[in-house]
1. Does segment B:167-182 include one or more residues that are hydroxyl-bearing (S, T, Y), touching a helix residue (DSSP H, G or I) at 6+ places or on another chain (Cβ under 6 Å) and within 14 Å of chain A (Cβ to nearest Cβ)?
2. Confirm whether A:I201 is within 8 Å of chain B (Cβ to nearest Cβ) and modelled with pLDDT of 85 or more.
3. Of the residues B:K10, B:K34, only one is touching a helix residue (DSSP H, G or I) at 6+ places or on another chain (Cβ under 9 Å), modelled with pLDDT under 85 and basic (K, R); which?
4. Taking A:R207, is it exposed (fewer than 14 other Cβ atoms within 10 Å of the Cβ), modelled with pLDDT of 80 or more and either within 11 Å of chain B (Cβ to nearest Cβ) or more than 22 Å from B:G192 (Cα to Cα) (or both)?
5. Looking for something open to solvent by 50 Å² or more (accessible area, probe 1.4 Å), in a helix (DSSP H, G or I) and within 9 Å of chain B (Cβ to nearest Cβ) - is there at least one such residue anywhere in segment A:103-116?
6. Output the helices (runs of 4 or more DSSP H) that fall wholly within segment B:60-130 and possess 2 or more residues being surrounded by 13 or more Cβ atoms within 10 Å (Cβ to Cβ) and modelled with pLDDT of 75 or more, or say none.
7. State whether the residues of segment A:129-147 include one that is more than 24 Å from A:L83 (Cβ to Cβ) and either of a type in the set (V, I, T) or assigned to a loop (DSSP other than H, G, I, E, B) (or both).
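The values are calculated or read from the model by the stated rules, or taken from the named source; none is laboratory data. Everything quoted here is computed from the prediction, not taken from an experiment. When we count neighbours, we look across all protein chains shown, and the Cβ atoms used for this are built from the backbone with ideal geometry, even at glycine. Accessible surface areas use protein heavy atoms only, side chains included; no ligands, DNA or RNA. Shrake-Rupley method; radii C 1.70, N 1.55, O 1.52, S 1.80 Å.
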Amino acid sequence: MGLLSKKDTKLILDPLMDDNPITIQVLGICSALAITAQLKPSIVMAVSVIFVLGLGNVVISLMRNIIPSKIRIIVQLIVVATLVIIVDQVLKAFAYELSKELSVFIGLIITNCIIMGRFEAFALGNGPWRSFLDGIGNALGYGVILVIVGFFRELLGSGTLFGFQVLGDPVTKTGLYAIGYENNGFMVLPPMALIVVGIIIWVQRSRNKALIEEA
Amino acid sequence: MLEHIELFFKSIFVDNMVFAYFLGMCSYLAVSKKVSTAVGLGAAVIFVLTVTVPLNWLLDQFILQPGALAWLDGNRATPELSAYADYDLTFLSFILFIATIATMVQLVEIIVEKFSPSLYNSLGIFLPLIAVNCAILGGSLFMQSREIASLGLAANYGFSSGIGWFLAIVAIAAIREKIRYSNVPAPLRGLGITFIITGLMAIGFMSFGGMLTGGDEEAPSTEGQPENVGAVIEKGTNDLSEIVHISEVTEITE
């Protein structure tokens, strides 16, 4: 890794597992759960957040010495809002169907706590390159959870991945359905997103005992 | 009047901010360890939503919508005659809404501090948190995408979805206070079990889906025009009426 020093790789890799923004830092859950009934919107959402957080962190980091600390929240909100508007307009132009599916939740990236959290905790005190890596890392950590949740919910809920029927056809009873398998329609409903995340947390903390919370 | 009542109950139970749309989850999870603080934050959310949703409704009607600027040259009633008929500023709504919210929160904070120090002391620390609460921006964005028809309805929508959020956070805080005495598997302690309980509560709240017959399907607001509410979610809410029979689960939330 010539480009990235050891400390820099840590910035990217840590949020993926042991410092995951969703399961450990409890940030950015708002927009994460609502759109994960299928894999495609989850991935689009993850990419949007990577874009917004990566660039936003750089912008805030560049401006960190000229922002008066009293109005920094408003400055941060304006920076995020601008980036989110870009994402929203691009989606509307190139993937209108998807943007209709996501629209309110794309807007809610603005108030995604991960973004404000990383601005406050990292970008205000570090240089642009490291802030960029930190942004990408945290957004990736967020994306990983989104993709895992989206994968299971779509697979178990509708028996599809990206809309392709991977488990056979439920109508003509081919593949798994031939031996009596049924889709769990409950998985596509909102409450299951919470329960799936709960289970991810369970698995993660069983593997890494250090993460267990005190009662 | 009837539509006011319908919107009121629908926003509290059927379209509950937390259980149906996961809005404001961050503060919902972070500030729900004690009932007293949960009540404080919940009250602040009700307050701010009631103020910002109607305000953003006005912005939406008079500035953002396509042709909304017609009042500038006195053609409010006949926008097609106006020189501003072609202006469509909807792409600015995110930035304008969030600016309004941040400003209002600051303003509310100053006013409350001046006139009711006791309220300020109980709400004080939560108010700045609220500017970045997804429930607040979500309220305004849903208001826009559902095309709420009048200022009164917008205020009603803000107020009632605030109450829905309040209910949710107070309920989870009460459960978390009790759960301290239970023997939860160690890896699930804290965050994990809270997620799962919230999921169960959401299942319970789904049983309210049949409360207003027809629900989303008959509401004119969600039809026609760019339907911004996620299709995925929509699917969920439409299915509600079929799932009502699992209402036994509600017992868990009580």
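1. Checked segment B:167-182: no residue is hydroxyl-bearing (S, T, Y), touching a helix residue (DSSP H, G or I) at 6+ places or on another chain (Cβ under 6 Å) and within 14 Å of chain A (Cβ to nearest Cβ).
2. Judged against the criteria, A:I201 is a match.
3. The unique qualifying residue is B:K34.
4. Against the criterion (exposed (fewer than 14 other Cβ atoms within 10 Å of the Cβ), modelled with pLDDT of 80 or more and either within 11 Å of chain B (Cβ to nearest Cβ) or more than 22 Å from B:G192 (Cα to Cα) (or both)), A:R207 qualifies.
5. no
6. B:93-115
7. no
Condition check ((1) under 19 Å from B:V132 (Cβ atoms); (2) among the small types (G, A, S); (3) open to solvent by 10 Å² or more (accessible area, probe 1.4 Å); (4) assigned to a helix (DSSP H, G or I)) across all residues:
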position: A:K10; (1), (2), (3), (4): no, no, yes, yes
position: A:Q25; (1), (2), (3), (4): yes, no, yes, no
position: A:T36; (1), (2), (3), (4): no, no, no, no
position: A:M45; (1), (2), (3), (4): yes, no, no, yes
position: A:I50; (1), (2), (3), (4): no, no, yes, yes
position: A:V58; (1), (2), (3), (4): no, no, yes, yes
position: A:T82; (1), (2), (3), (4): yes, no, yes, yes
